[in-house]
1. Roughly how far apart, in whole Å, are the Cα centres of segment 239-271 and segment 170-223?
2. Output the antiparallel fraction of DSSP beta bridges having both residues in the chain, as a percent to the nearest 5.
3. Would you kindly state how much longer the chain becomes between residue 261 and residue 198 on full extension, computed as 0.36 nm times their sequence separation minus their alpha carbon distance, in nm to one decimal?
4. Give me 40, 75 ranked fewest to most by other Cβ atoms within 10 Å of their Cβ, as a rough exposure proxy.
5. Using only Cα positions of segment 108-237, each an equal point scatterer, no hydration layer, compute I(q)/I(0) via Debye at q = 0.19, 0.21 Å⁻¹ and quote the log10 values to two decimals.
6. Hey, fewest Cβ within 10 Å first, where do 146, 33 land in order?
7. In square nanometres, what is the average projected area of the Cα convex hull of the chain?
8. Report, in deg cm²/dmol and to the nearest 500, the calculated mean residue ellipticity at 222 nm for the chain, where each DSSP H run with n ≥ 4 adds -39500 (n - 2.57) and the sum is divided by the residue count.
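We did not get these values from a lab; they are worked out from the coordinates using the rules stated. These figures come from a predicted structure and were not determined experimentally. For neighbour counting, all protein chains shown are included, and Cβ atoms are generated from backbone atoms with ideal geometry for every residue, glycine included.
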Ligand SMILES: *Cc1c(COP(=O)(O)O)cnc(C)c1O
């Protein structure tokens, strides 16, 4: 088979895009080098305006990473010791790490077997258990839009309103996704974005942002990202951090933002090519009514661990990279086991998160895959079933 003569397929692709905009990137980086304004240069504000407009929200605050975006949002809510932060057990480690860094307790919630996002019935059950035990105060829900698919924000917002909790959207994998015609960023009290290179909008290093419609919160986020500063640089109003987005990363993102709409459409097209070839043979990503995924990843679900291993082997043999997001549910991570055990006395099991870890498999997903490549990937998957 002539696979080795064909263009290589990458899981993500940061080169094809760069080739399109390299002169513009070189020009904008050179402008920053000339200006010497490496921290909080004018590009940061220009980017914040562009991101807010793209998401259709009032305010954007550029920060140093997606993790720091989550931390700043939780610091603004004064989340700390004795507070319960509800989040899915099936997500990236950063979502759980932040409440622990602040002294709060993550309460792991199971996920929906089709959307892989936080299970609303299980969320309600665990909030009730925490309230009944009376050890922790329910303070926030971090909804994660896993693999780019918006979580059930209408339900999360309703629960948070009923219980007096803050709804924080971890949209690190999902910038560009939308729910009921409203882009992510406009859901919940605030949304955290990551510009890690492989995210839907990525820079060439670390970066992130917070989006919110609340002007007061945006002010607070600006203060917290710069050591809690007040009206002047040397007035310290609160304990903050160094959480700034650097100017060169902002300049790079400004070159990439104009490509975003086209790239989202391209990702959706790739997902459609996969769907057409794989649906019915494996579980393909859910398409809940009213939700538009940003397709940060395209993950299929196999029958079991053995079938997944066979598919990975078949893909590898055909030069098709795959990856497992995530091999271990967060409540089983060595670092988080104790927190999980302490959160709820008799915590219900998390069977869906555990099963997904054994069955999930991510296929190559980026805007520069063509239909022939999607077909090759699909054939490799089917060959391994
Ligand atoms: C990538 C990611 C983060 C962290 O973003 P960084 O920019 O790497 O700090 C947080 N949550 C989720 C779900 C992510 O995928």
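1. Between the Cα centres of segment 239-271 and segment 170-223 lies a distance of 10 Å.
2. On the way: 24 of 42 bridges.
The antiparallel proportion sits near 55 percent.
3. Answer, rounded to one decimal: 21.0 nm.
4. 40, 75
5. -1.10, -1.21
6. Sorted ascending by nearby Cβ count, the order is 33, 146.
7. Details: hull surface 76.8 nm².
The orientation-averaged projected area of the Cα hull of the chain comes to 19.2 nm².
8. Values: 13 runs with 163 residues, N = 385.
Calculated mean residue ellipticity at 222 nm is -13500 deg cm²/dmol.
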